[in-house]
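**Student:** Sharing a structure, written as C-alpha cells. Questions coming.
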Amino acid sequence: MSLVIVDDSLFNLDLLEAILQPLGRPIVRFRDPLAALDGIESLEPVLVVTDHLMPEMEGVELVRRLRSMPAVADVPVLMLTSADENAVRVTAFEVGVTDFATRPIDPIELRARARALMQLGIARNELRWQARMLAGEVQDTTANLATVLDSGPGTLSRFARDASGAWRPVWHSDNFSRLTGYTLAEASAPDFSQHTMRVDPYAGRAEALARSSAPGMASWDFDFRHKHGHWLRLGQNLRVVISGAYEEELVAYTYDFTAQYQAAKLIEAGKQRLDMLLSASPGALFQMELNESGAAAMVFMADAIVRVTGYRFDAMPGGCITTLYDEMSLARHADAIASARLRGEASYEAHLQHKDGRWIWADVRLSASEGPASMRITGYIADVTGERETRAELERTRTELKAVVEASPGALVTLLYGPSATDKAVLFASHGIARVTGYSAEECRDPAWFQSVVDPAYWRDMMETRWQLLQLRPAILQLPILHKSDGWRWVQLAFRPHERSADGKVLVFGYMTDITEQKAQDARLAQTVKLATLGEMATSMAHELNQPLTIISFAAQNLFNAYNQDEQARPRLDRIIAQAHRASKLIDHLRVFGRAQDSAPSAVHWQDALAGAMLLAGAKLRMAGITPDVRVPDDLPPVQGHLVLLEQVLLNVINNACDAYQLATPPVPGADRTLVIAAEAMTGAIRMTVADRAGGIPPAAMERVFEPFFTTKAASQGTGLGLSFSYGVIADMKGSMTVRNAGGGAEFEIILPIATLPIFTESQ
Ligand code: ADP
C-alpha cells in the first residue's frame, strides 16, 4: 500500500518525496520506468506519480502498460506535465491517466491532488480485495449448495421460456433423476407434465407462477407419477428471477412429501371418523384437571352432554354434573378418580337425575394422563339406562328359561357337529339328562358317551341323522339306550340344526325325552291289532281243522277197536290216535289264543293259580338251581278269569325264566338265580310281577316277544307261542300283560281286575 514515484531526475524524485511525505504512506522511487513496471505489482500501490518525459520510456507508455496489468489496471495515476505539453494530456487520458499536475510544481496543489487520488486508490484496493473475498465465498457456497442439493430431499431446476413463451426445463440438479426417475431429456418432452401429473397441472402452477416473480416466491403441490409407476406427492417452490442476460428465468425447488402428505391425510380421515363417532355416540367426552389435593375441575364438556342429562354444560345446576348424582354415585365418582390416578383407568355406573326428573343410569369411564401442569382425566359418559333394563330383562328371561328347561321332563342338549364323522362336541346338556339316562350332565358332555349307551343296532340310524343335520335338516331319532341303573330305555331325540359356521360346523339343538312308556303303549296297541287279526285267523283255522281231525280221530279209534289184535296195525293206529290227540290240543291252544273261550269267567284266587303253576314247575326250577321268592299277601282279593288258563300263563312265564337262566351268557352265578314273584292290590285291580335276573330281553327282541311264533330259542326248545298265548288269555280276562327290563333281568307284569263274581274253586 505504497506511493510509487517514477522520474528520471534525482532532484525531482527528492522534491516529490518531500512533498508527498506528509500523506503518511511508504514511498517507493523509480528512476527507470522499466524497473517500475517490473516491481510495481508486488507493491500494491495506492497511487502512481510519474513524469512524462523520461529517456527510457515516456510516461504515457508507462501508463498504457500499467493498465494492461490486472493487479494495477485501475490504480490512480497522477502525471506531471509542463504547460506546453497539453497535446500529450489528451493521449494520456485515453490510455488511462487519472489526473495531471503542471510543472513547475506547486507543492500544495500537488499534495492535494495526490491525497484525493490516493484515497481513491485505497478505496479501489479495498474493493478489489473484497471482490476477491466474495469470489472465494461464492465458490465455497456454490460447492456447498451442490452438496446440499444432491444429498437433500429435493431437486433444483431452472426453466427458460421457449419460442412460444412456455417454460421449458434447461437444467435439473442431479437429484432430479433420483426423485422422478426421469432424465432431463425425458423431462423436456413437451407432453411430460400431461402424463406425469395428476389432475389439471396448470391451474395450480399458473397461479403459483403469477405470484412468483422476484422477489416473491410461491408454492404449490401436485401428484406426480414416478417413472416406475407409483404416485408421489411433490411440492414445488417457484421463483422467477432475472438472469445475468437480463432474461426471465424460473427457478424451482421440488421436494417429495408423499409420506407427510399421506400421514396428514390419514390424520384428517381419523379426525373425521372420530368426529363422526363422537357425534353419533350417545355419550359425551369431558376433561377434568386435578390439582395437588386431588380436587377435580371440569375444563371441557362436549355438547352431547345435553343428550345424557338434558342440561347444557354451562347451564348445569351447581355448574357441575356431579350435583345430579345420588349419594352412592358421588362416592363411586370419588373412588374412580382416585383409582384412575393410581392405575390410569377406572369406570363406574352413576345414578343421576335427568332434567326431566327421571333417574337414569350412566356409564362413566375415566382415563388419566399427565397434563402440562397437573394431572388430567379424560372421560366419557353415556346413558346406559336402556341397556341396563335390557340386561335385567335378559337375566329374568334367562332365569325363567332355565327353570323351564330344568322343569321339563326331557333334557336339552346343544351339539356341534363337524364334517368329519368323529367330529362332535357336546356344548351343553341340561340337568334333565340325568332323569332320562341316569348319567350326570357332566358325564354326558363326553363326545363318546352317547354311542357307548346306544344299542349298536342303531348306530346306522345315528349316522343318518347326523348326515341329515349336516344338511341343516331337522331330524327325529328314536332308539334304545342303556340307562345307567335302570336297563334299556327308549329315548326320542328331536334335533333342530341352527346354523353352519364358516368352517362347516353345524350347531344343533336337541330335546331328549324318555318314550319307553309311550313306546310300550304303541307296541301294545300294535300287538293287540296284530294279535286280534292272527287270533281270528287262528280261530277260523282251528275251526276248519277241527272237523277233519275229529273224523280222523274217530276213524282211527274205530279201526283200533276193530284191529286191536293185529300186532302190526295196533302200534301204528296207536300213533295215529296219539298224534291226532296232540294236533287237537294244539288246535285248542290256537283257539284260546284266538280268544275262543267258551266258558264264562269267574272269581279266581291268584294264590291258587300260582300254587298250581309252582306244582308243575317245581322240578324244573330246582334243576335249574333257581330259588323262587314268593311275595303274595294272603288277603289278596280274587280276580276275574279262568283258573286253568291263569295257571298256564304263570307256567309259561316261569318256564321262560328257567330257560333264560340256562341260556344266559355269561352264566348267572347260583346266588343270583332268583325269581321274584309278587302280587299287590291296586284300586280295582291286582298287579302281579314275575322278575328274573337273567340279563333281560335284548331291545330288538323286546318289541316282538308277544308275537306268535317269535322265539330266540332252538327249534327243539321253543315254539314262540307261550307269550302270545298268555297275552291273549290275559287280554281276554280284561287285563293287561307287559314286560320290561329291570333289575338286571326281565320283569313281566300282569294286571287283572278284581272279581265281582262268585269265587270259583277247584271243587266246583
Ligand atoms: P318260547 O319260549 O317258546 O321261545 P315265548 O313266546 O314264551 O316262546 O317267548 C318268546 C321269546 O321271548 C323267547 O324266545 C325269549 O327270547 C324271550 N323271553 C321270554 N321270557 C324271557 C325271559 N324271562 N328272559 C329273557 N327272554 C325271554
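**Student:** For region 648-661, does any single residue satisfy the condition of being within 60 Å of the chain's Cα centre (by Cα), more than 8 Å from the ligand (Cβ to nearest atom) and in contact (Cβ under 8 Å) with a residue 12 or more places away in the chain?
**Tutor:** no
**Student:** Continuing with this model, one more query. Report whether or not GLY735 is within 12 Å of the ligand (Cβ to nearest atom) and small (Gly, Ala, Ser).
**Tutor:** no
**Student:** Cβ contacts < 6 Å: first residue on the phi > 0 side of the Ramachandran plot, restricted to region 435-448; second residue surrounded by 17 or more Cβ atoms within 10 Å (Cβ to Cβ) and outside any loop (DSSP other than H, G, I, E, B), any location; separation 6+ or different chain. Result?
**Tutor:** From region 435-448, the pairs are GLY438/HIS483.
**Student:** Looking at (1) at pLDDT 85 or above; (2) within 30 Å of GLN478 (Cα to Cα); (3) of a type in the set (Val, Ile, Thr); (4) over 32 Å from the mean Cα position of the chain (by Cα), which is the one condition that is false for ILE360?
**Tutor:** Here ILE360 meets the rest and fails (2).
**Student:** Return the residue satisfying two criteria in turn: it lies in region 706-727 and is under 15 Å from ASP659 (Cα atoms), of a type in the set (A, V, I, L, M, F, W, C) and in contact with a Phe, Trp or Tyr (Cβ under 9 Å, 6 or more places away or on another chain), and of such residues it is modelled with the lowest pLDDT.
**Tutor:** LEU721
**Student:** Next question, about the same structure. For region 675-685, which positions are assigned to a strand (DSSP E or B), farther than 18 Å from ILE654 by Cβ and not acidic (Asp, Glu)?
**Tutor:** ALA681, MET682, ALA685
**Student:** Does GLN648 satisfy the condition of being modelled with pLDDT under 85, surrounded by 14 or more Cβ atoms within 10 Å (Cβ to Cβ) and within 25 Å of ILE754 (Cβ to Cβ)?
**Tutor:** So GLN648 fits the description; yes.
**Student:** Take the residues of region 690-730 that are closer than 17 Å to GLU647 by Cβ and outside any helix (DSSP H, G or I): which is nearest to the ligand (Cβ to nearest atom)?
**Tutor:** In this case the residue turns out to be LEU721.
**Student:** From the residues in region 261-306 that are under 30 Å from THR155 (Cα atoms) and surrounded by 12 or more Cβ atoms within 10 Å (Cβ to Cβ), which one is nearest to the chain's Cα centre (by Cα)?
**Tutor:** It comes out as ALA264.
**Student:** Within the group THR390, THR309, which residue is hydroxyl-bearing (Ser, Thr, Tyr) and surrounded by 13 or more Cβ atoms within 10 Å (Cβ to Cβ)?
**Tutor:** THR309 is the lone residue from the list that is hydroxyl-bearing (Ser, Thr, Tyr) and surrounded by 13 or more Cβ atoms within 10 Å (Cβ to Cβ).
**Student:** Can we say GLY744 is modelled with pLDDT of 90 or more, within 9 Å of the ligand (Cβ to nearest atom) and not aliphatic (A, V, I, L, M)?
**Tutor:** Answer is no for this residue.
**Student:** Right, something else. Identify all residues within region 178-206 that are at pLDDT 80 or above, within 21 Å of SER219 (Cα to Cα) and not in a helix (DSSP H, G or I); write none if there are none.
**Tutor:** Correct list: MET197 only.
**Student:** Given the criterion touching a residue at least 12 places away in the same chain (Cβ under 8 Å) and touching an Asp or Glu at 6+ places or on another chain (Cβ under 7 Å), identify the matching residue among ARG128, ARG111, ARG124, ARG115.
**Tutor:** ARG124
**Student:** Of the residues in region 662-689, how many are polar (S, T, N, Q) and more than 15 Å from the ligand (Cβ to nearest atom)? Lay out the reasoning, then the answer.
**Tutor:** Keep residues of region 662-689 that are polar (S, T, N, Q), which gives 662, 665, 674, 683, 689.
Checking the rest, the ones that are also more than 15 Å from the ligand (Cβ to nearest atom) come to 683.
Residues meeting the conditions: 1.
**Student:** While we're on this one: Looking only at region 95-108, count every residue that is of a type in the set (A, V, I, L, M), more than 14 Å from LEU53 (Cα to Cα), surrounded by 14 or more Cβ atoms within 10 Å (Cβ to Cβ) and free of Cβ contacts under 8 Å to residues at least 60 places away in the same chain and tell me the total.
**Tutor:** At the first step, the residues of region 95-108 found to be of a type in the set (A, V, I, L, M) are 95, 97, 101, 105, 108.
Okay, now just the ones that are also more than 14 Å from LEU53 (Cα to Cα), so 95, 97, 105, 108.
Keeping just the survivors that are surrounded by 14 or more Cβ atoms within 10 Å (Cβ to Cβ) gives 95, 97, 105.
Remaining after also requiring free of Cβ contacts under 8 Å to residues at least 60 places away in the same chain: 95, 97.
Looking only at that region, the number is 2.
**Student:** Conditions first: (1) in a helix (DSSP H, G or I); (2) among the hydrophobic types (A, V, I, L, M, F, W, C); (3) buried (at least 17 other Cβ atoms within 10 Å of the Cβ). LEU156 passes all but one, so which condition is the exception?
**Tutor:** (1)
**Student:** When region 487-513 is examined, which residues are found to be acidic (Asp, Glu) and in a strand (DSSP E or B)?
**Tutor:** The answer is GLU499, and nothing else.
**Student:** Determine which member of the set ALA116, ALA187, ALA92, ALA166 is surrounded by 13 or more Cβ atoms within 10 Å (Cβ to Cβ) and closer than 30 Å to ALA210 by Cα.
**Tutor:** That would be ALA187, the only listed residue that is surrounded by 13 or more Cβ atoms within 10 Å (Cβ to Cβ) and closer than 30 Å to ALA210 by Cα.
**Student:** Among the numbered criteria (1) closer than 25 Å to SER151 by Cβ; (2) at pLDDT 85 or above, which single criterion is violated by SER173?
**Tutor:** Among (1) closer than 25 Å to SER151 by Cβ; (2) at pLDDT 85 or above, SER173 violates only (2).
**Student:** Would you be able to tell me the number of residues in region 451-489 that are within 36 Å of the chain's Cα centre (by Cα), surrounded by 17 or more Cβ atoms within 10 Å (Cβ to Cβ) and free of Cβ contacts under 8 Å to residues at least 24 places away in the same chain?
**Tutor:** 2
The values are calculated or read from the model by the stated rules, or taken from the named source; none is laboratory data. These numbers were taken from a predicted model, which means no experiment stands behind them. Here the Cβ is made from the backbone with ideal geometry for all residues, glycine too, and neighbour counts use every protein chain on show.
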